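S.K.: Let me give you the structure first, and then I'll get to my questions.
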2 protein chains.
Amino acid sequence: MKITAIDPFYLRMPDITTAADGTQDTLLVRVRTDTGLEGWGECDASPLVSLAVYCCPMSHGNIINIRTSLIGETLDAPDDVLRLSEKALRNGLDIQQIQHAYSGAEIALWDVIGQRLGEPIYRLLAEVSGTSDITHPKLPYASVLFGDTPEATYRIAVGLREQGYRAAKFGWGPMGQFGEANDIALVKAAREGMGSEAQIMIDAGVVWGSDHETAYRRAEAFAQFSPTWLEEPLAPDAIDAYGALTKRNPRVPIAAGEGSNTYRTAEDLIVHGGVQFVQIDAGRIGGIMPAFQVRQLAEQHGIQYVNHTFKSHLSLAAAIHVFATNPDFDLLEYPAAGSELSQRLVKNPFQVESDGMVRVKDLPGLGVRVDTEAIRPYLAPVRIAVGSDTVFEQESL
Amino acid sequence: MKITAIDPFYLRMPDITTAADGTQDTLLVRVRTDTGLEGWGECDASPLVSLAVYCCPMSHGNIINIRTSLIGETLDAPDDVLRLSEKALRNGLDIQQIQHAYSGAEIALWDVIGQRLGEPIYRLLAEVSGTSDITHPKLPYASVLFGDTPEATYRIAVGLREQGYRAAKFGWGPMGQFGEANDIALVKAAREGMGSEAQIMIDAGVVWGSDHETAYRRAEAFAQFSPTWLEEPLAPDAIDAYGALTKRNPRVPIAAGEGSNTYRTAEDLIVHGGVQFVQIDAGRIGGIMPAFQVRQLAEQHGIQYVNHTFKSHLSLAAAIHVFATNPDFDLLEYPAAGSELSQRLVKNPFQVESDGMVRVKDLPGLGVRVDTEAIRPYLAPVRIAVGSDTVFEQESL
């Protein structure tokens, strides 16, 4: 079959705040083919900047937009997805945003191929890579922001516990802003609210920059509350600082990786940063296949791969296919408090099952269906003109 | 003084081809202040994608556009540039394109501060870093594309020699496309055309991907023509392949780095890729200061820093300030065959002086003046609407 259309859609809530909540807007990408099959993907990235990568005028042979690279191409097998990814990334060699933008298209191509072949994506990945296709359930951890105070954090934690969560990650907000005592009080509140049996994770939201000494002291101070990890204590680029931190073996393991915009960035973080959990967003790193390659690298290095997902369950579907077949990679970031937009985006979201676990869907493609009716009110139509050319006009949803 | 306006301008030639010629279009950034001072910078990046980073609606606290970060801010001293860069990059943490886009603004901020203080930028850098402010001339190498054949390449080389160039880099086009014999014939033609006294450089334009074995064989085969370096034989991300290549010490030194979108990418290439020449574009890596930091890293590692410049002499001005004060870093990429647009862009381009050398201008700021009259015909006005909001409307040039 042939690719006939590649359409990005910018969706957003009416009011956007500075809170570190990635579900306030999104960019969806729809791929259509001449057989009537269509696939969907979601980017975790600036919607407008990424959309521009779908329509930017050519600058030369290394700046060619994604639509130009894909429309009219043949799409019949997983190898076509790999071939088209190589083409789109090569054509966009000098577009820094190419991975963030292309992620949505790549995921949508897998969705199409999975539907075409009647196979879930995790099984196609198993075939392509010659690995097991037996899936394993994941323990979902609710991913929420800290409350403004320890008391507010405690109440959030109690609420999650009452909803049945056995794991929860608390992040950003006040962490690192008001000194060590407050940082410790926040973690203590999360632990007490979730109870001693639960897993808690702490996300410092890059707050200590390259100050690995403070990051080390906090990791040691938090150890009394046994968090599963301390996430992003440092800036994504501060690889040497990560290396200095992890070499001291703090009693709380270090997690990072959501800022991996390329496979190499993740590899750099694993090999030279020494993290024990690598957190990859398939909606940023260029899609499902580069995320899968990082999963394989994590397996080689004996560290744990975890998804980063702070968008809708469309992103969650892409995320879970990547590592559904590894039983040791048993934690799943599960967006628990997203915007209405993110909650309405798919018709069949992932439920936490009676055993407290989440499972990949054994359905063709991603296995989730976009609810176009429900999300239409959130569409922000985009129009871009360059000179006398309209380079982007909104297709209907 | 206060920053009152940040205006990007998309300029382009009437016809754009797939040739690896970066001068076919450009994005300029103009910074205006309440004192009437204005500064300019140029990005080497997709103009539309980068422009979107100046106006994209906020997604959350990590996706805030550059205009929002800068307009209304105080700008009185070099420290303000550093503070504003930190702010803009932090606000754009989750915008992959942030460095490519911000480069133009950062360069323009230095241009303003230099004018304000009556100092050339190289001197401000020397003050900030506590290093020498004595400048040294650079040997310009003409940066041109290979001809389609060895014969055409020979004629190009003879032409450059007749123009007085003592160094020239030949790149892209047929290199790596038609087998080893043709690759060797191309290099031989470049050497014979330029003569035995000249320096020649070979730019393979990432053609061998991660195939470091072929890259090694070519470097060895080219050694008989004594090129100064073999540039970008491999993909920018193929750091391990670069490491494998450089560990074998091919007789032609390896150069790379124009794809460095962040300081860390350049550091990774130097430390783990083992390149002997690192080529940085201040119009991609986030501006003059991160380029200067890579220069300092090159000094520490005993390798040579070279500019990457394939835009106008506005970019060349930014480039030369970065390493004007290092006498050992004596080569300058000098755009010799750019588009009309790139040649008309500044009123006072850098001339090759009677001794065959190019010198930094001892004038305030960048030291070059944008010729707004000359470039106005090339302006492609951009208009971007998101929902009912016009998020970008073209300011006049």
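The values are calculated or read from the model by the stated rules, or taken from the named source; none is laboratory data. Remember, it's a predicted structure, so these values are computed and weren't measured experimentally. Glycine gets a Cβ as well: all are built from the backbone with ideal geometry, and neighbour counts include every protein chain shown. The accessibility values were calculated without ligands, DNA or RNA, using every heavy atom of the protein model including side chains. Shrake-Rupley method; radii C 1.70, N 1.55, O 1.52, S 1.80 Å.
S.K.: For the stretch A:201-251, name all the residues that are of a type in the set (Ser, Thr, Tyr), within 14 Å of chain B (Cβ to nearest Cβ) and within 18 Å of A:GLU180 (Cα to Cα).
M.R.: Correct list: A:SER210 only.
S.K.: Say we look at the stretch B:1-60 and pick out the residues that are free of Cβ contacts under 8 Å to residues at least 60 places away in the same chain and closer than 23 Å to B:PHE146 by Cα; which of these is farthest from the chain's Cα centre (by Cα)?
M.R.: B:ASP15
S.K.: Further question: I need the strands (runs of 3 or more DSSP E) fully contained in the stretch A:299-392, keeping only those with at least 1 residues that are of a type in the set (D, E, K, R) and more than 14 Å from every other protein chain (Cβ to nearest Cβ).
M.R.: A:331-335
S.K.: Shifting gears a bit: Can you tell me which residue among B:GLU232, B:GLU180, B:GLU197, B:GLU213 is crowded, with 24+ Cβ neighbours inside 10 Å and of a type in the set (Asp, Glu)?
M.R.: Checking each option against the conditions leaves just B:GLU232.
S.K.: Further, regarding this structure: When the stretch B:11-39 is examined, which residues are found to be out of contact with any Asp or Glu (no Cβ under 7 Å at 6 or more places or on another chain) and of a type in the set (Gly, Ala, Ser)?
M.R.: B:ALA19, B:ALA20, B:GLY36
S.K.: For the condition surrounded by fewer than 16 Cβ atoms within 10 Å (Cβ to Cβ) and of a type in the set (Val, Ile, Thr), what is the one hit in A:VAL158, A:VAL187, A:VAL81, A:VAL112?
M.R.: A:VAL158
S.K.: With the requirement that a residue be out of contact with any Ser or Thr (no Cβ under 6 Å at 6 or more places or on another chain) and either of a type in the set (D, E, K, R) or closer than 20 Å to A:LEU314 by Cα (or both), what does the stretch A:86-98 give you?
M.R.: A:GLU86, A:ARG90, A:ASP94
S.K.: Another one. Which condition from (1) without any contact (Cβ under 8 Å) to a residue 60 or more places away in the chain; (2) part of a strand (DSSP E or B) is the one that A:ARG295 breaks?
M.R.: (2)
S.K.: Consider A:GLU353 carefully, then state whether it is touching a residue at least 60 places away in the same chain (Cβ under 8 Å) and either more than 16 Å from the chain's Cα centre (by Cα) or open to solvent by 10 Å² or more (accessible area, probe 1.4 Å) (or both).
M.R.: So A:GLU353 passes the test.
S.K.: Out of (1) open to solvent by less than 10 Å² (accessible area, probe 1.4 Å); (2) touching a residue at least 40 places away in the same chain (Cβ under 8 Å), the odd one out for A:ALA221 is which?
M.R.: (1)
Yes or no, residue by residue, for (1) more than 19 Å from A:ASP281 (Cβ to Cβ); (2) among the β-branched types (Val, Ile, Thr); (3) open to solvent by less than 20 Å² (accessible area, probe 1.4 Å):
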site: A:LEU332; (1), (2), (3): no, no, yes
site: A:ALA337; (1), (2), (3): no, no, no
site: A:VAL346; (1), (2), (3): no, yes, yes
site: A:VAL368; (1), (2), (3): no, yes, yes
site: A:ARG383; (1), (2), (3): yes, no, no
site: A:SER388; (1), (2), (3): yes, no, no
site: A:PHE392; (1), (2), (3): yes, no, yes
site: A:GLU395; (1), (2), (3): yes, no, no
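S.K.: Right, another one. Could you say whether any residue in the stretch B:269-285 is within 13 Å of chain A (Cβ to nearest Cβ), in a helix (DSSP H, G or I) and open to solvent by 20 Å² or more (accessible area, probe 1.4 Å)?
M.R.: Yes, because at least one residue in the stretch B:269-285 is within 13 Å of chain A (Cβ to nearest Cβ), in a helix (DSSP H, G or I) and open to solvent by 20 Å² or more (accessible area, probe 1.4 Å).
S.K.: Within the stretch A:176-195, can one find any residue that is of a type in the set (Phe, Trp, Tyr) and under 29 Å from A:GLN351 (Cβ atoms)?
M.R.: No: zero hits.
S.K.: Right, something else. Read through the list (1) closer than 19 Å to B:ARG248 by Cα; (2) open to solvent by 30 Å² or more (accessible area, probe 1.4 Å); (3) touching a Gly at 6+ places or on another chain (Cβ under 6 Å), then give the number of the only condition that B:ALA204 fails.
M.R.: With (1) closer than 19 Å to B:ARG248 by Cα; (2) open to solvent by 30 Å² or more (accessible area, probe 1.4 Å); (3) touching a Gly at 6+ places or on another chain (Cβ under 6 Å) applied to B:ALA204, the lone miss is (2).
S.K.: Of all residues in the stretch B:132-155, how many are hydrophobic (A, V, I, L, M, F, W, C), open to solvent by 20 Å² or more (accessible area, probe 1.4 Å) and part of a loop (DSSP other than H, G, I, E, B)?
M.R.: Residues meeting the conditions: 1.
S.K.: Let me ask another. Go through the stretch A:175-211 and give me each residue that's of a type in the set (D, E, K, R) and in a helix (DSSP H, G or I).
M.R.: Within the stretch A:175-211, A:GLU180, A:ASP183, A:LYS188, A:ARG191, A:GLU192 qualify.
S.K.: Which members of the stretch A:247-261 meet the condition of being polar (S, T, N, Q) and open to solvent by 20 Å² or more (accessible area, probe 1.4 Å)?
M.R.: A:ASN249, A:ASN261
S.K.: Separate question: Can you say whether B:GLY243 is within 23 Å of B:ILE280 (Cβ to Cβ) and part of a helix (DSSP H, G or I), as far as the supplied structure shows?
M.R.: The answer is yes for B:GLY243.
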